[in-house]
Amino acid sequence: MGAVIKRKMADIITYKPDETFGNAQGLLKAIENRINLKLYIYEIQDITKVTQSSPKLKSIKGTFTLHEVLATK
């Protein structure tokens, strides 16, 4: 998904060199009709609010070597 968005952004910049994009929102608006994805831009306040309301999660030690978990009854 990320590669598709990057490619579309590169295309729009290449094929419309006279058009300037002052920010990310302008660039997303230019590609929104060229992709089949819904994109959102979040303000830093939104991210901070979600981070503060999320519980503190701990990592599980050894998950780097974990490949598969199988549960049987």
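Applying the selection to the stretch 34-53, what residues are β-branched (V, I, T) and closer than 13 Å to I5 by Cα? Passing the criteria: only I35. When the stretch 2-25 is filtered for residues that are loosely packed, with under 11 Cβ neighbours inside 10 Å and basic (K, R), only K6 remains. When E32, E43 are checked against the criterion of being acidic (D, E), surrounded by fewer than 11 Cβ atoms within 10 Å (Cβ to Cβ) and modelled with pLDDT of 85 or more, a single residue qualifies: E43.
The values are calculated or read from the model by the stated rules, or taken from the named source; none is laboratory data. Note that this is a predicted model, so its numbers are computed, not measured. With ideal geometry, Cβ positions are generated from the backbone for all residues, glycine too; neighbour counts draw on all protein chains shown.
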